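Worksheet: one structure, shown below.
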Amino acid sequence: MTSSFEHMAVLTVSTLRSPLVSGGKRAAPVTHLTGVACTPLDPVDADVSLRMGLNSPRELLQTFVNNDVDIVEGDRLVYGGKEYPVYAVADWVWRDTTYRNLFLEDIK
């Protein structure tokens, strides 16, 4: 993690991931990662949300984590006792370092 990113990654979150499907049923999500540093959960511009196919009552948030963090679409990011489904994950290059841009659904 670069020192600039360390200053911005002020939140510590965890993630949940659903185990593999067994017998046609998916078990409840279980803790996957803990102690993940990320940037604050910021709202995504409404136009971007519409292009991504989201509509009310969902708000799209975004955060950034290190690229080596194993977070995928369908995981749930947990912060402040609330779960945010991970809607999409994209690579983002900043100052010659690749990070992961996580798009989260804030279901109202």
Pairs needed: first member in the stretch 1-21, aromatic (Phe, Trp, Tyr); second member anywhere, part of a strand (DSSP E or B); C-beta distance under 9 Å; at least 6 residues apart or different chains. Phe5/Ala37; Phe5/Phe64; Phe5/Asn66; Phe5/Trp94; Phe5/Thr97; Phe5/Tyr99
Those residues of the stretch 35-47 which are within 20 Å of Met8 (Cβ to Cβ) and either at pLDDT below 75 or surrounded by fewer than 13 Cβ atoms within 10 Å (Cβ to Cβ) (or both) amount to Gly35, Asp42, Pro43, Asp45
Look through the stretch 1-26, keep the residues that are more than 16 Å from the chain's Cα centre (by Cα) and among the aliphatic types (A, V, I, L, M), and return whichever of them is modelled with the lowest pLDDT. Met1
Test Glu59 against the stated conditions and say whether it is acidic (Asp, Glu), in contact with a helix residue (DSSP H, G or I) (Cβ under 8 Å, 6 or more places away or on another chain) and modelled with pLDDT of 75 or more. yes
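The values are calculated or read from the model by the stated rules, or taken from the named source; none is laboratory data. Treat the numbers as computed from the prediction; the structure is a model and nothing was measured. Cβ: placed from backbone, ideal geometry, glycine included. Neighbour counts: every protein chain shown.
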